[in-house]
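Inspection log for the structure reproduced underneath, given as C-alpha cells.
The values are calculated or read from the model by the stated rules, or taken from the named source; none is laboratory data. Please read all numbers here as calculations on a predicted model, not as lab measurements. Note that we place each Cβ from the backbone using ideal geometry, even for glycine, and neighbour counts take in every protein chain shown. With ligands, DNA and RNA removed, areas are computed over all heavy atoms of the protein, side chains included. Shrake-Rupley method; radii C 1.70, N 1.55, O 1.52, S 1.80 Å.
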Amino acid sequence: MKQQKKSSRDITIGLDLGDRRHRFCVLDKWGGLLEEGSVRNERVFLAQLSERYPGALAVVEAGCHSPWISRYLQEQGCRVLIANPRKLRAIYQHERKSDQRDAQMLARIGRLDPALLYPVRHGTAEAQQDLLRIKLRDSLVRARVAVINSVRFTLKSLGYTVRNPSSERFHKVAMEGLPVALCQMIAPSLQALEELTARIKALEAEINSLARRKYPHAIQLQQIPGVGPITALYFVLKIEDPTRFQNVRDVGAYAGSCPKRDQSGQSDPQLRISKCGDAYLRRLLVSAAQYILGPLRSAERSARLWLDAGGPMEPRGQRSGPRWRWRENSPYCC
C-alpha cells in the first residue's frame with residue numbers, strides 16, 4: 001500500500017468537468033495512458049477515483065463545479081491544479097474538440113509544465129458563500145431594473161409617461177395620473193417591484209452586518225470616498241489573501257483592468273484592457289473610480305491641494321457644482 005501511494009505521486013489525472021458526468025484521463029510519469037473513462041458528478045464517485053490514485057495530481061478547468069470539486073479532492077489527499085480556461089487555446093481551438101480529448105490535454109499539459117495552465121486559486125467555501133450574497137443582490141437589482149423598464153415602456157406606448165424617481169420608489173409613484181384600467185394592468189408588476197425592493201434592502205442589511213462582523217478590512221476600505229460596503233466587501237472576499245500578489249499592480253491585472261499587450265519587433269501598440277477575471281468586481285471598481293475621478297470629486301480634490309499649497313480660493317457648495325470664493329486671509333484678497 002505504501003508503494004502504491006509513493007508511485008501515485010507521479011500520476012496525473014485530467015478531469016474535464018460537466019454537469020452530469022466528468023471525463024477523466026490518467027497518465028503515468030512517462031506520459032503513458034493508464035486509464036480513461038467518465039464518472040458521475042457525485043462525491044462518492046470522485047472519492048472512488050481518488051482512492052485508486054492517492055496523492056495524484058488532478059488537473060481541472062476553472063468553472064461552475066471546480067470550486068467544490070477542487071476542495072473535495074484536496075480533502076481526499078489529491079493535489080489539485082486549477083487551469084485558467086482563457087489560456088488553454090490548445091483545447092478550446094482544437095479542430096477535433098471532445099470531452100475525451102480535453103481531459104487528455106489537461107493531463108498532458110499539467111504533467112509537462114503546470115505553468116502553461118496559468119493556474120488560478122479558488123477561495124474558501126465560507127468566502128464563496130459570502131460572495132453569493134452579493135451576487136444574489138446584484139441579480140435582484142437587475143431583475144428590478146428589467147421590470148421597471150417593461151412597465152415604463154408599456155405606459156409610454158400608450159401615451160403615458162412616468163416621471164423618473166429612484167428605483168426604490170418607482171412602485172409608489174407609477175400609478176399617479178393613470179386610468180383605473182391601466183392601474184389594474186400594471187398592478188402585478190408593481191407588487192413584484194415592491195417585493196424585490198424589500199428583498200434587496202434585506203440583503204444589503206445582511207451584507208453591512210457581515211462586513212462589520214467578519215471583515216474589518218472592508219470597513220477600512222469604506223473610508224475611501226466612493227467605496228461603499230458592497231464594493232469593499234466584494235473586493236476583500238475576491239482578494240482574500242493579499243500576500244499571494246508580489247506587487248500591488250498585480251491586483252489590477254487580476255481584476256482585468258490593465259491593458260493588453262501585443263509587442264513584436266518595433267511594434268508595441270497601446271491596447272484596451274484585458275477584461276480578465278471577475279466582471280462584477282471590475283464593474284464595482286469602475287463605478288467607484290468614476291465617482292472618485294468625476295468632475296465634482298476632481299474639483300474638490302484639486303481645491304484641497306490648492307488650499308494646502310496656500311492658494312487664494314476655497315470651494316463652496318457641492319450640489320450645484322464647484323463654486324469659489326476668495327479666502328479672507330489670502331494675500332490675493334482685495
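Observations on the model:
- Looking only at segment 209-220, and only at residues there that are open to solvent by less than 50 Å² (accessible area, probe 1.4 Å) and part of a helix (DSSP H, G or I), the one that is nearest to G277 (Cα to Cα): A218
- C78 falls short on exactly one of the conditions (1) open to solvent by less than 30 Å² (accessible area, probe 1.4 Å); (2) farther than 30 Å from L193 by Cα; (3) within 25 Å of the chain's Cα centre (by Cα); (4) touching a residue at least 40 places away in the same chain (Cβ under 8 Å), and that condition is (3).
- Positions within segment 125-152 being open to solvent by 40 Å² or more (accessible area, probe 1.4 Å) and farther than 21 Å from E195 by Cα, in sequence order: A125, E126, Q128, Q129
- Failed item, numbered, when P165 is tested on (1) open to solvent by less than 50 Å² (accessible area, probe 1.4 Å); (2) in contact with a Lys or Arg (Cβ under 9 Å, 6 or more places away or on another chain); (3) not in a loop (DSSP other than H, G, I, E, B); (4) not aliphatic (A, V, I, L, M): (3)
- Of S50, S7, all but one fail to be at pLDDT below 90 and surrounded by 12 or more Cβ atoms within 10 Å (Cβ to Cβ); the exception is S7.
- Filter pass, L131 being among the hydrophobic types (A, V, I, L, M, F, W, C), at pLDDT below 90 and under 28 Å from the mean Cα position of the chain (by Cα): no
- The number of residues in segment 169-203 that are over 33 Å from the mean Cα position of the chain (by Cα), of a type in the set (G, A, S) and open to solvent by 50 Å² or more (accessible area, probe 1.4 Å) comes to 2.
- The one condition in (1) under 21 Å from A62 (Cβ atoms); (2) without any contact (Cβ under 8 Å) to a residue 60 or more places away in the chain; (3) open to solvent by less than 30 Å² (accessible area, probe 1.4 Å) that A232 fails to fulfil: (1)
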